[in-house]
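Notes for the one structure printed next.
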Amino acid sequence: MATLNDIAEACGVSKATVSRVLNQDPGFSVGEETREKILNTAAQMNYEMGKKRRYASVRQKLERENNGKLTPGLSRTMKVGILAYSFPGDNVDHGYYDTIINSVMTEIKRLNPSMQLEFRYVHQTVYEQLNDLDALFIIGKFTMDPDHELVKAIRYKVIVDYPAPENRFDSIQVNFKEVVYQAMDYLRQNGRKKIGFIGGEDHLTRLVDGKKLPCKDIRLASYEDYCREKAMDSSENVWITEWFEPEEGYQLTKKAIESGNLPDAFLYASDELALGGYRAFSESGIQVGKDISIVSIDNLPYASYLTPPLTTVALNMALLGKTAAMALDSQIRGRDYPLTFFTPVELIKRESCVKKA
């Protein structure tokens, strides 16, 4: 907490002057400019007089002067909503969204150490859950009306992992076309010509009622684009399931093996799917990295501990969250136009994909 000495030093006056101004001493005369400077500094430093008294009138004056925007350092609590498919501790997600959410919360606190923040998980995907928020992080694929009154009422908005509706607010994304093209290029450079794809069906959640609508995953679309550009036949080399889970990857890989027309390499749309694929290949006596090459997408923590270690394109989920927090921070500090950010990706080369002899 700030002290009288801190305020006095910042204002260039004595501690006694600060004390008498803050206590509204009727017998003390001081210039109006000095009085305003002391009151503003006290508010911005979150100074409290006793346990209950706060400088509400000063904070309200500052917010009026700033067109109602929150000013970094004000002691009014900023309410930050987080709308996502899953949350830390749900035991639903296996690292992707957990990492993004934790990174968002850590970074926004680091960027605004003096601001009081109240984080709220939005569990129900309906507009009514967005009431009374100052800021909103939308993490995942959600469709919403940017002109809905409850959306418009939220001053600061950032969407992560999906384009913003009509580009009306900030969007932090991964360029999945670049991800897929990197992976496919690497497989072909290692002599793999027939490359299969194992992926999941994507879903777009409608905010008006929480309904999940199936949609084509951009990783699959990018794989198909790549095959067309390189004149590669992909018609019999694609296996798609509903979710991106290990069990789904296991079952799809078994189907691919049982088809009798097994590709010599696979691109898995997620590390979770690849994890299930490892088990299916092991049960069939097919050695990953020797009999078949695998490249995946995500770089979840366990990828380097598989046998053999999994080659994967790292999406850097922590950086997605950090960039989202930085976008929000720049809005708070006055930026009033939307931006779209694409975070960098990196191919992590490991032993699941080796050069074909």
- Item | Antiparallel DSSP beta bridges within the chain, as percent of all bridges there, nearest 5 | 15 percent
- Note on the structure: Per the 1/(1 + (r/R0)^6) rule, R0 = 35 Å and r from the Cβ atoms of Gln124 and Asp225, FRET efficiency to 0.05 is 0.45
- Item | 3J(HN,Hα) from dihedral phi, region 286-291, Karplus parametrisation 6.51/-1.76/1.60, rounded to Hz, x for glycine, proline | 9, 8, 5, x, 10, 7
- Please report the orientation-averaged projected area of the chain, defined via the convex hull of its C-alpha atoms, in nm². 21.8 nm²
- Task: Per DSSP H run of n ≥ 4, the term is -39500 (n - 2.57); total these for the chain, divide by its residue number, and report the mean residue ellipticity at 222 nm rounded to 500 deg cm²/dmol.
- Result: -11000 deg cm²/dmol
- Query: Could you give the angle, 0 to 90 degrees to the nearest 10, between helix 96-111's Cα long axis and the longest principal axis of the Cα atoms of the chain?
  - Reply: 30 degrees
- Note on the structure: In this structure, among Lys37/Lys109; Lys141/Lys290; Lys157/Lys194; Lys79/Lys349; Lys177/Lys211; Lys193/Lys255, pairs with alpha-carbon gaps over 32 Å are Lys141/Lys290; Lys157/Lys194; Lys79/Lys349
- Item | For peptides 348-354, 112-118, sequence by mean Cβ density within 10 Å, most packed first | 348-354, 112-118
- Taking Cα atoms, the helix 271-283 axis meets the longest principal axis of the chain at an angle in degrees (rounded to 10) of 30 degrees
- the chain - percent of accessible surface contributed by carbon and sulfur, probe 1.4 Å: 48 percent
- Taking 120-127, 185-192, 164-171, 243-250 and ranking on average Cβ neighbours within 10 Å, highest first, one gets 243-250, 164-171, 185-192, 120-127
- Item | Extension reserve of the Asn261-Leu117 stretch, reckoned as 0.36 nm per residue once the Cα distance is removed | 46.2 nm
- Label-point separation in nm, Ser304 to Asp145, each point 7 Å along Cα→Cβ: 4.9 nm
- Task: Can you pull the one-decimal nm distance between simple spin-label points at Arg110 and Ile286, each 7 Å off the Cα toward Cβ?
- Result: 4.2 nm
- Task: Please give the length that would be gained between Asn190 and Arg279 if that part of the chain were fully extended, namely 0.36 nm times their separation in residues minus their C-alpha to C-alpha distance (nm, one decimal).
- Result: 29.7 nm
- Given the candidates Leu273, Leu117, Ser171, the one whose Cα lies deepest towards the positive end of the charge dipole of the chain, counting +1 at each Lys or Arg C-beta and -1 at each Asp or Glu C-beta, is Leu117
- Label region 230-308 by shape, choosing from rounded, prolate and oblate, from the square roots a ≥ b ≥ c of the eigenvalues of the Cα gyration tensor; if a/c is under 1.5 it is rounded, and otherwise prolate applies when a/b is larger than b/c, oblate when it is not. rounded
- Message: How would region 160-280 be classified by its alpha-carbon gyration tensor: rounded, prolate or oblate, with rounded meaning a/c under 1.5 and the a/b versus b/c comparison settling the rest?
- Response: oblate
- Contour minus Cα-Cα distance for Thr3 and Lys152 (0.36 nm per residue): 49.8 nm
- Task: Divide, for region 280-327, the radius of gyration over alpha carbons by 2.2 N^0.38 Å, where N is the residue count.
- Result: 1.55
- Item | Ellipsoid equivalent to region 265-357 - semi-axes via the Cα gyration tensor, in Å | 37, 12, 9
- Query: Which angle from 0 to 90°, rounded to the nearest 10, does the C-alpha axis of helix 246-258 make with the longest principal axis of the chain?
  - Reply: 20 degrees
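The values are calculated or read from the model by the stated rules, or taken from the named source; none is laboratory data. A quick note: this is a predicted structure, and the numbers were derived from the prediction, not measured. When we count neighbours, we look across all protein chains shown, and the Cβ atoms used for this are built from the backbone with ideal geometry, even at glycine. In case anyone asks, the SASA skips ligands and DNA or RNA and just uses the protein heavy atoms, side chains included. Shrake-Rupley method; radii C 1.70, N 1.55, O 1.52, S 1.80 Å.
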